[in-house]
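Asker: The structure under discussion is supplied below as structure tokens; questions concerning it will follow.
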Amino acid sequence: MKQYRIGLVGVGAVGAEMVKVLRERNFPCASIDVFASRERDEEIAGEIFRVKETTEDSFKGLDIVLFAGGTAASVKFKDAVVAAGAVMIDNSRAFRQDPDVPLVVPQVNPEDLDWHKGVIANPNCTTAIMLEAVAPLHRAKTLKRLVASTYQAASGAGAAGMAELEEQMKTMSAGGVPEVKAFAHRLCDNLIPHIDKFDETNWYTLEELKMLNESRKMLHAPDLMLSCTSVRVPILRAHSESLNLEFENEITPEEAREILSRSEGVKVVDDPLANVYPMPMDATAKYDVLAGRIRQDISRKDKRGLDMFVSGDQLLRGAALNAVEIAEHLVKRGLV
């Protein structure tokens, strides 16, 4: 099997998970070159890497470059990656709504990889987690409208967010006053219904609008109606989402469970009488999105509505795993 030279830009929480997933899934790596803002030696996922400074010349000879840093780096080095003949898989928001850039979750829309022009975007973590469970139902019954409430862990703000929550927990347990830097307010013992900036034309946050715009693009459903409220919760890792779904065709909870039980990337966890349902602690460090609490929407007179609850690991399913699976599908489809 051909071996591929992999580049990684960014060495935070998501970058570390990318290295870990590449190793766990035995991706055919001839090498992994790591880049960041400055040169240094650093331990990443149990390995010592010589981290090199990212420059326009960093990507020569590479086949695939995973971007796990911020938007600025993705925008700055995109052209250099493409000019070097490598494929860029970007985890930032920079190119998600670019009509020339496929936005992909391989279990949802792998066919969009076929028209890439050197850049492929990872969706927002909450969109990726949601669509793992929603896309199979959409294919079967055609989703018309979705209302979501998301419960997003500190990991969504990266390593700094996770570290701040842990430090706040320690400080508050000792009776101290916690410091607030990564979030708009104290996260420990609190909920914050505010993630990203507010759009002053409609007062949704950009995080909430990503769910709408990215879902429409990936499902090829430009008329999909979607409303979302995104909430930061005091959990270290793994996001959860409460979903109300309206379909064009009737669907029962039994049908939904059967469809999801044979869908890649989803695990049905739905036995409420035994207190079995999706929870972030059970989704942490797991590849699959957990789906449960599946029930008929009793606010409707027909059977076109469902309610369900999902949990998924933000760093894995929502970011690193998805990026590596995109690379795997590029190889499988002969696109790299």
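Asker: If you fit an axis through the alpha-carbon atoms of helix 206-219 and take the longest principal axis of the Cα set of the chain, what angle between them do you get, 0 to 90°, nearest 10?
Answerer: It is inclined by approximately 90 degrees.
Asker: Kindly give the semi-axes, whole Å and largest first, of the ellipsoid equivalent to the chain, taking each as the square root of 5 times a Cα gyration tensor eigenvalue. Provide the component values of the computation, followed by the final result.
Answerer: On the way: eigenvalues 204, 129, 68 Å².
Ellipsoid semi-axes (Å, largest first): 32, 25, 18.
Asker: So, one more: Can you give me the angle between helix 125-141 and the longest principal axis of the chain, using Cα atoms only, in degrees from 0 to 90, rounded to the nearest 10?
Answerer: 50 degrees
Asker: How far apart, in nm, are two points set 7 Å out from the Cα along the Cα-to-Cβ line at residue 300 and at residue 173?
Answerer: With each label placed 7 Å out from Cα toward Cβ, I get 4.5 nm.
Asker: Given R₀ = 25 Å, what would the calculated FRET efficiency be for residue 335 paired with residue 37, taking r from the Cβ atoms and rounding to 0.05?
Answerer: Details: r = 30 Å, r/R0 = 1.21.
That pair, residue 335 with residue 37, gives E of 0.25.
Asker: If you don't mind, another one. Would you mind computing Rg(Cα) / (2.2 N^0.38 Å) for the range 127-314, counting N as its residues? Provide the component values of the computation, followed by the final result.
Answerer: Details: Rg = 17.4 Å, N = 188, 2.2 N^0.38 = 16.1 Å.
That works out to 1.08 for the range 127-314.
Asker: Quote the Stokes-Einstein diffusion coefficient, in whole µm² s⁻¹, for the range 244-336, based on the Kirkwood radius over alpha carbon pairs, a temperature of 4 °C and a viscosity of 1.567 mPa s. Numbers along the way, then the final one.
Answerer: Numbers: Rh = 14.7 Å.
Reported coefficient: 88 µm²/s.
Asker: Can you pick out the pairs among 78/144; 20/117; 20/210; 76/217; 78/332; 141/197 whose Cα atoms lie more than 31 Å from each other?
Answerer: On the way: 78/144 35 Å; 20/117 27 Å; 20/210 27 Å; 76/217 24 Å; 78/332 24 Å; 141/197 34 Å.
Result: 78/144; 141/197 exceed 31 Å.
Asker: Right, something else. Below 8 Å between Cα atoms, with a sequence gap of 6+, how large is the relative contact order for the range 2-91 in percent? Show your work: numbers first, answer last.
Answerer: Numbers: 170 pairs, mean separation 28.5, N = 90.
For the range 2-91, the relative contact order is 32 percent.
Asker: Equivalent ellipsoid semi-axes for the range 151-203, as square roots of 5 times the alpha carbon gyration tensor eigenvalues: give them largest first, rounded to whole Å. Write out the running numbers ahead of the final one.
Answerer: Values: eigenvalues 110, 28, 15 Å².
The equivalent ellipsoid of the range 151-203 has semi-axes of 23, 12, 9 Å.
Asker: Going out from 0 in 5 Å bins, what whole percent of all Cα-Cα distances in the range 180-225 drops into each bin?
Answerer: Cα pair-distance distribution for the range 180-225, in percent: 5, 20, 20, 17, 17, 10, 7, 5, 0.
Asker: Near residue 170, which aspartates and glutamates are there with a Cα under 13 Å away, not counting those fewer than 8 places off in the same chain?
Answerer: 179, 189
Asker: Let me ask you something else. Where Rh is the Kirkwood radius over the Cα pairs of the range 94-163, the temperature 37 °C and the viscosity 0.692 mPa s, what D in µm²/s does Stokes-Einstein return? Spell out each step's value before the answer.
Answerer: Numbers: Rh = 14.0 Å.
Estimated via Stokes-Einstein, D reaches 235 µm²/s.
Asker: Quote the relative contact order of the range 189-336 in percent (integer), defining contacts as alpha-carbon pairs under 8 Å separated by 6+ residues. Intermediate results must be reported in sequence, preceding the final value.
Answerer: Numbers: 235 pairs, mean separation 31.7, N = 148.
The normalised contact order for the range 189-336 reaches 21 percent.
Asker: Another one. Which one, 231, 34, 177, has the greatest fluctuation when you compute a Gaussian network model over the chain with C-alpha springs under 10 angstrom?
Answerer: Greatest mean-square fluctuation among the candidates belongs to 177.
Computed from the coordinates by the stated procedures, all read-outs in this text should not be read as laboratory data. Quantities reported herein were computed from a predicted structural model and do not represent experimental measurements. Note: ideal-geometry Cβ built from the backbone for every residue, glycine included; neighbour counts use all protein chains shown.
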